[in-house]
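The values are calculated or read from the model by the stated rules, or taken from the named source; none is laboratory data. Please read these numbers as outputs of a predicted model, since none were measured by experiment. Every residue, glycine as well, gets a Cβ built from its backbone with ideal geometry; the counts of neighbours run over all protein chains shown.
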Amino acid sequence: MLPVDNKAVLITGSDSGIGHALAKHLDNLGFVVFAGVLNKEGPGAEALKRSCSQRLSVLQMDITNPTQIREAYLAVSEKVQNAGLWGIINNAGVLGFTADSELLPMSVYRQCMDVNFFGAVEVSKMFLPLLRKSQGRLVNMSSMAGGVPMPRLSAYGASKAALSMFSGVMRQELSKWGIKVAVVHPSGFRTCIQGTPELWDKQEKHLMENLMPDVKTDYAQPYTINPAIQLRSVAPSLATAKAERGGWSGLSCCKGCYGLRTTPITWASYPRGGQYESAGEQQNIIRDEQLSQLIYPPKSRRVKTDTPAAEFILQLFFAGTMNIQEYFTRISYKGPSENLDLETLTAIFQHHIRAVPFENLSIHCGETIALELEPVYNKIVRRNRGGWCLESNQLLFWVLKTLGFNVTLLGGKAYDPDDKAYADHPNHLLLKVALADKSYILDGGFGAVCQMWEPMELISGKEQSQTPGTFRFLEEKGTWHLEKRKRQAYFTSHSHSKVHLLQTNDYRKVYIFTLEPREIEDFRALNVECQTSPDFVLVRKSICSLQTASGMRSLIGWRYTEIKYNYRENMDLVEATILPDGEVEKTLKDKFNITLDKKLQPVNKGKSSVFHHLARL
């Protein structure tokens, strides 16, 4: 798989709404975005050109026009060449005028099928050769109306039902190529698909003028055109669907649709009461407040997510695509993975710590760090970022589990040299791996100079020498202590004495832990506290550290440090410098291969944990 910043995605219907938001969001994440629009000179296209990077290309792409689809294909092919497309999102769609099926002109049926179904099919068929090259994903924007009969939405619903069936068939047919197919069923959404009042007036006039006289008499004008009645007539179908499914299903086999909700439609302007001719239908009338709550329920009944619509679609876009080979590409690992032995475990681990930095930069960019595995995977593997222990070690846990290792999550309490005490509660995530009759501790998320380079055998009192230094475990009444022996440092900076003595016979306390198995959910409160509490080092300091072939490098605030282990016997070479503001993000790119989506605010306050001595170098 390609690195995130080279993955290419095609989105149709990018003029406005979900497609527009998703195009901007993917561009912000570093994707190469091809934004298909109905009007290349329209306001939506111009907004994308102004606000997005040069990676984004706006394509004239009326999906009912085969010539424009072909021209778009040629333009995309020329740019991506052998890399192919990583994703196709068939987002373009129309709602059409809503009225009873008998009343709708055939032009509405044809328009809905042309755009919502035939257009999506033609785009898919045209671009599938590019999708096949990268074993990417096809995402089709369908609708709940394609699965639940909704009065007055027959044209729209039929077209979406056809799209959903097409997607299901394609899911089976494309599996042999490694291509995933997903269907999105959004709920109520304020986008341009609903049209404008002027358009509705025009369509209403056209409908009324073309009705046969006896049909017009049978239905009567108030019933035909009253939008409140049209909306209320849909409500019983929605209620039935909700009861049958035990709640809404906004995405197929995914999260609830309310995560997709933006600004709710205002219902209060519609007249109360109904104008149904039949007394039997009168009982199905739902007042505006009830209808509003049915489609947009109170906060207590909504899925609890603050995820924007584009990010939510993006989660589906990535869902189920975590791939061990993609992870191996990210860490540049080309060795064997079939043997569940210490050699394989060590090789994968060393590639991991030399490719995945320990970092907390998201906090200092105004971003929230998620605890769930898929966002962690996307961040580290696809966006070339690093993470702290809850991210890096959780990803390692998934990798080892996927390969078949017997691995367990453990919780540790880090030592604070300022307080000369361990944390009161677990504030560190680590792993235990069982191999044959031995157990090993694996920790790829501690960073700096106390980062182990090899799995450590879980045995008390045994000194275990590695390139970074000598480690040991001490066990006391079920509590295990990790310690690292101190050694000398030779500084190249003129502001320091050449040799810094660290009483090399002493051991530095790192953390303690027990063998009680943990779940990732046990660390949810910690994940929040680490991002918000001023008492935590991760809030007081912007940190990025990475192990190298011969040592480690770190950036704490503005202070960049490189250490070469074993420069001389029992001595490390240390070189430190203070960076100007303009060099911080360049250093992140050059030294850590990190490109941030948002502006970093470097910070380095106080002394804390094992990073405090690096911050003073």
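List of remarks:
- Reported count of residues in region 415-435, each being within 27 Å of residue 354 (Cβ to Cβ) and over 29 Å from the mean Cα position of the chain (by Cα), is 4.
- Qualifying positions in region 98-151 - closer than 30 Å to residue 73 by Cα and acidic (Asp, Glu): 114, 122
- Within region 88-120, tally of residues that are touching a Phe, Trp or Tyr at 6+ places or on another chain (Cβ under 6 Å) and not in a loop (DSSP other than H, G, I, E, B): 3
- Complete set of residues in region 164-184 that are under 15 Å from residue 147 (Cβ atoms) and over 25 Å from the mean Cα position of the chain (by Cα): 165, 166
- In region 52-76, the residues that are in contact (Cβ under 8 Å) with a residue 40 or more places away in the chain reach residues that are in a helix (DSSP H, G or I) and polar (S, T, N, Q) with C-beta atoms within less than 8 angstrom, at least six apart or across chains, in these pairs: 61/68.
- Checked against the criterion of being at pLDDT 95 or above and surrounded by fewer than 15 Cβ atoms within 10 Å (Cβ to Cβ), region 49-66 has at least one qualifying residue.
- Where a residue in region 359-382 is in the same structural domain as residue 521 (by TED's automatic domain parsing) and surrounded by fewer than 16 Cβ atoms within 10 Å (Cβ to Cβ) and its partner, wherever it lies, is among the small types (Gly, Ala, Ser) and part of a loop (DSSP other than H, G, I, E, B), with Cβ under 8 Å and at least six apart: 368/362; 374/319
- Residue selected from region 561-598 under the condition in contact with a Pro (Cβ under 8 Å, 6 or more places away or on another chain) and without any contact (Cβ under 8 Å) to a residue 60 or more places away in the chain, by the criterion nearest to residue 469 (Cα to Cα): 584
- Verdict on residue 78 being assigned to a helix (DSSP H, G or I), surrounded by 15 or more Cβ atoms within 10 Å (Cβ to Cβ) and on the phi < 0 side of the Ramachandran plot: no
- Condition check for residue 51: under 28 Å from residue 113 (Cα atoms) and either in contact with a Cys (Cβ under 7 Å, 6 or more places away or on another chain) or not basic (Lys, Arg) (or both): no
- Among the residues of region 505-535, the ones that are surrounded by 14 or more Cβ atoms within 10 Å (Cβ to Cβ) and free of Cβ contacts under 8 Å to residues at least 40 places away in the same chain come to 2 in all.
- Every test in (1) crowded, with 21+ Cβ neighbours inside 10 Å; (2) modelled with pLDDT under 95 is passed by residue 428 save one, and that test is (2).
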